[in-house]
């Protein structure tokens, strides 16, 4: 089974935003995650004992990295770290709109961290948290269902 590539940093933040917005609906062994614009719904299936997870979001399907819907599910299942304060600071962000506007995850991350800072969370805290989550993703070595 092929392992997932490490996601771009911004995907950790998108996952936190999805959780704060209540866009992640867990079921038994699967979940539905609604996109920030409300127009798309992603399906995630997972088997934590086998360390397998799959999602039909664009990053997962076309780029081969663990997408934000999967990261959000793993946070809610207490597999990956979760920070409620950072999550709440990312509530209501229109991720798709920002990604399309800036066409750069780096620029979007910069803008989003500025928003979070205005909402009371220091950028350094966000950076440390993102690194911790990425390290955990590496450590777990999640695989695709294929």
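Please verify whether residue 112 is without any contact (Cβ under 8 Å) to a residue 12 or more places away in the chain and not in a loop (DSSP other than H, G, I, E, B), treating the condition exactly as stated.
Spelling it out, it is not the case that residue 112 is without any contact (Cβ under 8 Å) to a residue 12 or more places away in the chain and not in a loop (DSSP other than H, G, I, E, B).
Kindly list the number of the only condition in (1) in contact (Cβ under 8 Å) with a residue 12 or more places away in the chain; (2) surrounded by fewer than 16 Cβ atoms within 10 Å (Cβ to Cβ); (3) more than 22 Å from residue 135 (Cβ to Cβ); (4) within 13 Å of the chain's Cα centre (by Cα) that fails for residue 92.
With respect to (1) in contact (Cβ under 8 Å) with a residue 12 or more places away in the chain; (2) surrounded by fewer than 16 Cβ atoms within 10 Å (Cβ to Cβ); (3) more than 22 Å from residue 135 (Cβ to Cβ); (4) within 13 Å of the chain's Cα centre (by Cα), residue 92 is out only on (4).
Scan segment 132-146 and report the pairs whose first residue is exposed (fewer than 11 other Cβ atoms within 10 Å of the Cβ) and whose second residue is outside any loop (DSSP other than H, G, I, E, B), with Cβ atoms within less than 8 Å and a gap of 6+ or a chain change.
Cβ pairs passing all conditions: 141/3.
Restricting to segment 75-92, what's the tally of residues that are under 13 Å from residue 15 (Cβ atoms), out of contact with any helix residue (DSSP H, G or I) (no Cβ under 6 Å at 6 or more places or on another chain) and not in a helix (DSSP H, G or I)?
2
Residues are listed down the side, and each one gets a yes or a no for (1) at pLDDT 95 or above; (2) farther than 18 Å from residue 145 by Cβ:
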position	(1), (2)
23	yes, yes
27	no, no
36	no, yes
43	yes, no
56	yes, no
65	yes, no
79	yes, no
93	yes, yes
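Go through 60, 55, 70 for me and flag whichever is touching a residue at least 60 places away in the same chain (Cβ under 8 Å), touching a helix residue (DSSP H, G or I) at 6+ places or on another chain (Cβ under 7 Å) and either over 24 Å from residue 135 (Cβ atoms) or surrounded by 16 or more Cβ atoms within 10 Å (Cβ to Cβ) (or both).
The match here is 70.
The values are calculated or read from the model by the stated rules, or taken from the named source; none is laboratory data. Please read these numbers as outputs of a predicted model, since none were measured by experiment. Note: ideal-geometry Cβ built from the backbone for every residue, glycine included; neighbour counts use all protein chains shown.
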